[in-house]
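Heads up: the structure comes next, in structure tokens.
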Amino acid sequence: MKRKLISALMIFVLPALVLAQMNFVPINVDYASFKETDSSSYVEVYVSIFQGNLIYKALDDSTFQANFTSHLEIFDTDGNLLKSFSHNLKNTAQDTAQMNRYNQFVDIFPLSLPYGNYKAKVQLTDNVSNRSGEYIFDLNTIRPKDELFLSDLEFCMNLKKAESKDRFYKNGLYVVPNPRPVFDILQPMLYYYIELNNLSFDPERETRYRVQYFVIDNKGDTVKTGQQKIKKIIRPDLVEIGGFNVMALPQNGYFLAIHVEDLESGKQATARKSFYVYKGKQIEKTEAQFSGEMPEIDEALVLLTKEQLKKEFEMAKYIATRQEERMFKNLDNANAMRKFLTQFWYRRDKMNQTPFGTTRINYLRRVEEANRRFRAMGREGWQTDRGRVLLIYGEPDEIERHPSSMDLLPYVIWYYHNLEGGAEFVFADQRGFGEYELIHSSYRKELQNPNWREIITKKSGLMQQGERF
């Protein structure tokens, strides 16, 4: 389908479940890919932020303005930068009464990419407070076929017939994306948009297709079935839209599946996308969360699968107590794990005297940094000794690097000036494969080996001292 690439920003009122002012800016990110040509995909990357997470600067006695920048980078699978885009956005309010913390600003990055797999990073910076939020994700486009195939499924905040070709115009429709697939009493309607490609269109005779939606829970059971519809194929590529109220569903995570069958060729295709339903008791706690109080379930956890929740706690085991490890091991369903992890991170926020959600965000950022810097021998960076130390104690104040020499194995020393009045951690590459293992620390809770220099000595002789920087 022919595309016109237009950047866009829109404001919508939605409930926010975690909007405490933090040193980072919480953002929501999603994307969808569609057929553009035989060799390229039309891709839309969606970004949203709640007004309550922005700082407004007074321009005069009655005018306030938020100023923020959203930035998108696209990389190939080897990490090479392919494309980058930036939008500088402003919102002006005549008085503070116009500022609704539940307003959601929506931005869209439209672009063309050859069909394939990519890495992407979105960063949003509040230019008034200099706080920023970042989201890194895999961007995998659809793959074209010589038979029936579907685009990605796009969730929408608003969906109706377009009256004019404005920012959110798409195929005769006004389509406002919803990057935050969480629905509740204040946002009960789930709208969707999807494109059907390579239908059996014949101008000489009538052909038809069948379409139906299903809602599937995390156990794989179908809990809601939409009405089956049989429609005429009026051209090879068509659009399907729809919507329904999700509040009859119990609080849980679900998948929306759209199934299409070409009745002429017999070919079938299905697309699906996850979403989460929140019930009233979480909404009642929204105001409390602005003050840093703990919700029953952290919004950041609601869409994570059972395996993803297990992985998160596994990565957090370095700061968990043995009792917490035993408790988590006995949990047998995803919702119990979400509640446990919400309490787990909240206790550490309280101990660190930080707003709700801060410790988790900072810890997972260090996990990403460890994976980027310390991956070795088929293990992720957080699983290595340097990754563990980084996660527990943060970035060192000083690093002393010693490359391999005639007499010594390569090693590094990390210095923490404020840890027990000053502590050092010595890591050495003992096997020559780039994995630096902890061989000594002066910190009393870590491995201590006063004779650690014997480990790094290849042969007797004068050991060289590295330069500290």
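The values are calculated or read from the model by the stated rules, or taken from the named source; none is laboratory data. Just so it is clear, the structure is predicted and the values come from calculations on it, not from any experiment. Positions of Cβ are backbone-derived with ideal geometry, glycine not excepted, and every protein chain shown enters the neighbour counts.
Figures for the structure shown
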item: Long-range neighbours under 8 Å by Cβ, at least six apart or interchain, first residue without any contact (Cβ under 8 Å) to a residue 24 or more places away in the chain within region 379-397, second among the aromatic types (F, W, Y); result: G381/F374; G387/F374; D397/Y415; D397/Y416
item: Unmet criterion (only one of (1) at pLDDT 90 or above; (2) out of contact with any Pro (no Cβ under 9 Å at 6 or more places or on another chain)) for E369; result: (1)
item: Count - residues of region 411-445 that are buried (at least 18 other Cβ atoms within 10 Å of the Cβ), in contact (Cβ under 8 Å) with a residue 40 or more places away in the chain and assigned to a loop (DSSP other than H, G, I, E, B); result: 2
item: Test result for K145, in a strand (DSSP E or B) and either surrounded by fewer than 14 Cβ atoms within 10 Å (Cβ to Cβ) or on the phi > 0 side of the Ramachandran plot (or both); result: no
item: Single condition R3 does not satisfy, out of (1) of a type outside the set (A, V, I, L, M); (2) at pLDDT 85 or above; (3) touching a strand residue (DSSP E or B) at 6+ places or on another chain (Cβ under 6 Å); (4) in a loop (DSSP other than H, G, I, E, B); result: (2)
item: Count of residues meeting criterion [in contact with a Lys or Arg (Cβ under 8 Å, 6 or more places away or on another chain) and among the small types (G, A, S)] in region 113-153; result: 1
item: Residue in region 208-230 that is among the charged types (D, E, K, R) and without any contact (Cβ under 8 Å) to a residue 12 or more places away in the chain present; result: yes
item: Complete set of residues in region 397-409 that are part of a loop (DSSP other than H, G, I, E, B) and in contact with a helix residue (DSSP H, G or I) (Cβ under 8 Å, 6 or more places away or on another chain); result: L409
item: Subset of region 40-88 [in contact with a Pro (Cβ under 6 Å, 6 or more places away or on another chain) and within 28 Å of L148 (Cβ to Cβ)]; result: S40, E44, Y46
item: Subset of region 125-142 (residues that are at pLDDT below 95 and either part of a loop (DSSP other than H, G, I, E, B) or not assigned by TED's automatic domain parsing to the domain that holds L111 (or both)); result: N127, V128, S129, N130, R131
item: Wholly enclosed strands (runs of 3 or more DSSP E) of region 178-240 bearing at least 1 residues basic (K, R); result: 208-217, 222-225, 229-232
item: Hits in region 367-378 - residues which are crowded, with 17+ Cβ neighbours inside 10 Å, among the charged types (D, E, K, R) and touching a residue at least 24 places away in the same chain (Cβ under 8 Å); result: none
item: Restricting region 6-46 to residues that are modelled with pLDDT of 65 or more, more than 17 Å from the chain's Cα centre (by Cα) and not in a strand (DSSP E or B), the residue that is surrounded by the fewest Cβ atoms within 10 Å (Cβ to Cβ); result: D38
item: Subset of region 446-458 that is part of a loop (DSSP other than H, G, I, E, B) and among the polar types (S, T, N, Q) - its residue that is farthest from D385 (Cα to Cα); result: N451
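Every residue, every condition in (1) in contact with a Pro (Cβ under 7 Å, 6 or more places away or on another chain); (2) closer than 29 Å to Q212 by Cα; (3) modelled with pLDDT under 90, yes or no:
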| residue | (1), (2), (3) |
| --- | --- |
| H259 | no, yes, no |
| D262 | no, yes, no |
| K279 | no, yes, yes |
| A288 | no, no, yes |
| A300 | no, no, yes |
| T305 | no, yes, yes |
| A336 | no, no, no |
| T342 | yes, no, no |
| N352 | no, no, yes |
